[in-house]
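Where a number appears in this text, it was derived from the coordinates with a stated rule and is not lab data. Fair warning: this is a prediction, and the values are worked out from it, not measured in the lab. Using ideal geometry, Cβ is built from the backbone for each residue, glycine included, and neighbour counts are taken over all protein chains shown.
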Amino acid sequence: MESILGVRGGKTSYSPLAGTPMFRAQQTESSLRQVKRNEWWLWFFGILITLLSATALALTLNPAYFRHSEHFYEIRPEQARWGVLCLLLLFNGWQVYRQWTFRRMRKALSPDASGKEAPSGLFSDTSGTDAITGLHTRGFIEQQLGKEIARAKRMDTSLTLATIHLDGFDLLTQRYGISITTAALKELGLRLKKACRGSDFVVRLSNDDFLLVLPECSVNEAGTVLKRIGSLEMICTGRRVDLVYSTGIVDWRPGDMPSDLLKRATEVLHLYENLVK
């Protein structure tokens, strides 16, 4: 199923810890630049070895370089030529192998391949805002969460993440259609914002995973915020839509980095996701 809501089913589903599509695109671009640099170095050494081999073959045309009876060894010009040719063949074989590996890496990192991994149109990564719900995206939380942890350390206050997972999200479009599902998600974004305080912010991590970042909020207070969401029964374009969801709470502990908090939150989301299957 492919739509403005994203791609589910036959394509790879990435964990929120894998980063945004924009982040993965930057990683891909960096890898492509590294492959290009390696190719230039390979061509440089290829030209250098070719020049050295040509010089060595030219020197074998002068027999004077090979007539030294005082040495305990003796090499004839023909032997020197064969040795240079053998080394040149070995290097060329290695060069062909490296070019083959570079081509495979380029194919794996090509825009077509990366496009299959991260569907476009799901999130607006350049602005840090989800195009459908108007909520923040992963790109925003990666920057903001570090600031909130620093503030919690400095002010010795609590910091809590509340997770929300939509159960059976894959069936929404099949049951209601794209337009109704999109309207339901927009309404969900409004209700999540309304349930939060002014200092909180809401993040859409993936198609069906949401995160409430609650500064200066204990675990008990986070439960109160989640209760304000209530049941998600809404009327969208004339049809009633019921969104079933599961919640979880993760609190910040001294020493936690942003990646630690996100990892625990993702584990909670995956736990509920596996339970409802």
> Amide H neighbours of D251 under 5 Å, counting only residues 5+ apart in sequence or on other chains, H built in-plane at 1.01 Å?
Replying inline: L161
> Residue-wise, which Karplus ³J(HN,Hα) couplings in Hz belong to the stretch 199-210, taking 6.51 cos²θ - 1.76 cosθ + 1.60, θ = phi - 60°, and x for glycine or proline?
Replying inline: 8, 8, 9, 10, 10, 9, 6, 8, 3, 10, 10, 10
> Once label points are set 7 Å from the Cα along Cα→Cβ at both T224 and V35, what is their separation, rounded to one decimal in nm?
Replying inline: 5.5 nm
> How much length, in nm to one decimal, is gained on full extension between L171 and F44, taken as 0.36 nm per residue of separation minus their Cα-Cα distance?
Replying inline: 40.1 nm
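Neighbouring Cβ atoms within 10 Å as the yardstick, rank I235, I229 fewest first.
Lowest count first: I235, I229.
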> Between A58 and K147, what is the label-to-label distance in nm when each label sits 7 Å out along the Cα-to-Cβ direction?
Replying inline: 6.5 nm
> Quick one: Karplus J couplings for the stretch 251-264, per residue in order, coefficients 6.51, -1.76, 1.60, θ = phi - 60°, nearest Hz, x for Gly and Pro?
Replying inline: 9, 6, 10, x, x, 5, 9, x, 5, 5, 5, 5, 5, 5
> Hey, with R₀ at 22 Å, roughly what FRET efficiency would S158 and K263 work out to, going by the Cβ-Cβ distance, to 0.05?
Replying inline: 0.70
> Amide H to amide H, which residues 5 or more places from L232 or on other chains are under 5 Å from it, using H placed in the peptide plane?
Replying inline: L243
>> Taking θ = phi - 60°, what integer Hz values does the Karplus form 6.51 cos²θ - 1.76 cosθ + 1.60 yield along the stretch 85-94, in sequence order, with x for Gly and Pro?
In response: 5, 5, 5, 5, 5, 4, 5, 5, x, 5
> Under a Cβ-Cβ cut-off of 13 Å, what is the net charge of the residues other than M155 that fall near it, where Lys and Arg count +1 and Asp and Glu count -1?
Replying inline: +1
> D167's amide H: which non-local residues (gap 5+, or another chain) put their own amide H closer than 5 Å, with H modeled 1.01 Å from N in plane and none for Pro or chain starts?
Replying inline: V244, Y245, S246
> What is the local net charge at I180, summed over the other residues whose Cβ is closer than 13 Å to its Cβ (Lys, Arg +1; Asp, Glu -1)?
Replying inline: +2
